1. Give the ranking of SER196, SER245 by solvent-accessible surface, highest area first, calculated with a 1.4 Å probe.
2. By accessible area of protein heavy atoms, probe 1.4 Å, what ranking do ARG186, ARG203 get, highest first?
3. For a quick protection proxy, order the peptides 159-165, 318-324 by their average other-Cβ count within 10 Å, most packed first.
4. Which distance in Å, rounded to a whole number, links the C-alpha centroids of the range 142-176 and the range 228-255?
5. Rounded to a whole number, what % of the accessible area of the range 178-333 do carbon and sulfur atoms account for, probe 1.4 Å?
6. Evaluate the charge dipole of the range 168-284 about its Cα centre and quote only its size in Debye, nearest 20, assuming +1 on the Cβ of each Lys and Arg and -1 on the Cβ of each Asp and Glu.
7. In square angstrom, what is the accessible area per residue of the range 231-377 with a 1.4 angstrom probe?
Amino acid sequence: MTDLQMSLIGASGVFVAGVFAYNKWQEHKAKKSVERAFSSEHDDVLLRPGDIVRSEPTFDVKPAPAADDTPVAAPVPVAASPAARFDDEPVESVVPVAPVAAPVEALTPATELATSLVDPLIDVLIPLALEAAVRGDKILPILHTLRHVGNKPVHFIGLHVNGDWEPIVHGGVYTKLQAGVQMASRTTALNELEYSELVTRLRAVADDIGAEPEIPDMIEVMGESRTLHRFVAGHDAQLGVNLMSYGAPWSIATLIGALEKQGFDVRPDGRYIMPDGDGGQLFTLTTNVTLGADTTSRLTLLLDVPCVAPARDGFGAMLGCAKALVGRLDAVIVDDSDQPLTDQALAEINSQVLDFYQEMEAADIPAGSTRAMRLFS
């Protein structure tokens, strides 16, 4: 073997060793980067010790009509007392309580709108430390690139130079920012893939606006998200009251007129909504037939229980409407087995609805509140 060949072999060995060492260094740097992204200490404040009692709904609690039906997990209500929700069989449960990781600054009552967007009970809070004060006009276009991960909304608020936290607006000047991603919805909990996507995209946003995010630990966030979703699934209740025709089926064309006189808003897509007078809805009605059907012999009024504040007496209003329709349509109020419902049975259901509302209040997620509407939307 010539000297030239020996030299080439030696040079090749040095080159291979160099490439190997470089790859190991890159692997080490990547590992450190991941550790920084997913290793910060935050208290698990969504879960508190304590035995809670719950019970599953057994009377006319049903999913929404087929058009917007979503899967519902086994109920896990929250109640500080052994009161049953819709029956008396107690089972163990978990309750979300006080805030998740505290914000960079305590939010004051004057910042109610901001806390409704980045809520310490239902959002993962991510402080963003700024290198210098920033103007809303400059950062809004960048922040708008990160509005959702999966089906979970992402919001930003800022600490204004006047000392108040507020949603980022044009003309505002902010010294600190806070990002929040909702941990659960009616359908799913925030998962690892969504959270990883959030971290990656948020770091890019932070780089563009000159900020440094403080990323909460993924394992803790996943635990909090699943706990919150169990609560949501356990309170995702819709209470139904059925009207059955005494005689021939009702003509849909005639029925629409009767429902409009009763106060229903008949939507072009075939939905029937009872407005609450403030832009929302008290309850809905379904005809139990397809959109193109000519007749129906059964109507179902549905109350989305967690989305209507107790003060509105959604069940009472729905029951009053049902009784008015009984006279107008020659119908009878029945349960799902077509058995007539007595006033005594309806009064018992109303009592159980009130217990349900007390459970939600005890969990600091009052029915009909902004917090509840976000979770159950």
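The values are calculated or read from the model by the stated rules, or taken from the named source; none is laboratory data. Remember, it's a predicted structure, so these values are computed and weren't measured experimentally. Quick reminder, even Gly has a Cβ in these numbers, built from the backbone with ideal geometry, and neighbours come from all protein chains shown. Please note that ligands, DNA and RNA were not included when accessible areas were found on the heavy atoms of the full protein model with its side chains. Shrake-Rupley method; radii C 1.70, N 1.55, O 1.52, S 1.80 Å.
1. Working: SER196 40, SER245 15 Å².
Heavy-atom accessible area, descending, gives SER196, SER245.
2. Descending accessible area places them as ARG203, ARG186.
3. The densest-packed peptide leads the list: 318-324, 159-165.
4. Measuring centre to centre over Cα atoms gives 39 Å.
5. On the way: 3290 of 6250 Å².
With neighbouring chains kept in place, the figure for the range 178-333 is 53 percent.
6. About 520 debye.
7. 44 Å²
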